[in-house]
1. Working carefully through the options Glu6, Glu66, Glu72, find the one that is under 30 Å from Leu121 (Cβ atoms), part of a helix (DSSP H, G or I), acidic (Asp, Glu) and at pLDDT 90 or above.
2. If I ask for residues that are within 12 Å of Ala14 (Cβ to Cβ) and of a type outside the set (A, V, I, L, M), which ones from region 124-139 would you list?
3. Quick one: Val57 ticks every box in (1) in contact with a helix residue (DSSP H, G or I) (Cβ under 9 Å, 6 or more places away or on another chain); (2) under 30 Å from Gly225 (Cα atoms) bar one, so which box is it?
4. Take region 22-76 and flag every residue that is among the polar types (S, T, N, Q), farther than 26 Å from Leu145 by Cβ and in contact with a Lys or Arg (Cβ under 9 Å, 6 or more places away or on another chain).
5. Does Leu132 fit the bill of being assigned to a helix (DSSP H, G or I), surrounded by 19 or more Cβ atoms within 10 Å (Cβ to Cβ), in contact (Cβ under 8 Å) with a residue 40 or more places away in the chain and out of contact with any Gly (no Cβ under 9 Å at 6 or more places or on another chain)?
6. Given the criterion buried (at least 17 other Cβ atoms within 10 Å of the Cβ), in contact (Cβ under 8 Å) with a residue 60 or more places away in the chain and over 30 Å from the mean Cα position of the chain (by Cα), identify the matching residue among Gln115, Gln94.
Amino acid sequence: MASLLEKVQTLISANLHWLVDQALKQNSIAVINQYIREVEDNLEDLSEAVATVGGQVKTLRRKHDEFQAKAEDLDRNIDLFLHEGREDLATAAQSKYNSTQRLVATYAQQLEQMQREYQNLMDARLKLEAKLTTIRQEREQLEALLELAKSKEITARTIKSLDDLAGVGDPDIARVVTSIRERLAEAEAQIHELEQRGLAYGETPEVLKRKELENQLEARKARLGL
């Protein structure tokens, strides 16, 4: 999973201006198409990972809630046994309650970690989809730009970057270059905003203190006024 997120982060961090400049320099959109193929492949892997981790989150949440309910039942039973003076049953129930609470804490911690991983995958997919949408739109503009440059006999040797094109003095080319730059800047700003967005997570569940059964029962007696 970590390697997938690393590859995705590399694609998210790709400089779209540089990709466009490379396409212009080579007088070909091959570099753009290659980037799009890599993004599409990784989006497919991301979708599968999201589905897998999402299923694990549901399973952990179900188990957590199941053992939490058991712990609550045991908690009530311990009080009932103490009221009835049945110390042996209260001791056995307290022991089982402690074990159940440890399971609840374990599942809670695993659930939090899995939810964080799930959210990271979801965020990565959202940002990568935004990047893909942007570059697909600019590919169409780039194709038109290359045709325009070709029609005006600007050779591949002179097409080095957007800045080069903007400086040749042709108003049609300068207009298209400016339009591409503006849209790329806006898209990068939106993607950066996504990268800065974070979700608040709850604190990691504290590890339950494991007291001696006798001490726990005495504390309950004091609370119950016994």
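1. Glu66
2. Of everything in region 124-139, those that are within 12 Å of Ala14 (Cβ to Cβ) and of a type outside the set (A, V, I, L, M) turn out to be Lys127, Lys131, Thr134.
3. Of (1) in contact with a helix residue (DSSP H, G or I) (Cβ under 9 Å, 6 or more places away or on another chain); (2) under 30 Å from Gly225 (Cα atoms), only one is false for Val57: (2).
4. Of everything in region 22-76, those that are among the polar types (S, T, N, Q), farther than 26 Å from Leu145 by Cβ and in contact with a Lys or Arg (Cβ under 9 Å, 6 or more places away or on another chain) turn out to be Asn42, Ser47.
5. no
6. Gln94
The values are calculated or read from the model by the stated rules, or taken from the named source; none is laboratory data. Since the model is a prediction, treat every value here as computed from it, not as a measurement. Because the Cβ atoms are built from the backbone with ideal geometry, glycine has one as well, and the counts that use them run over all protein chains shown.
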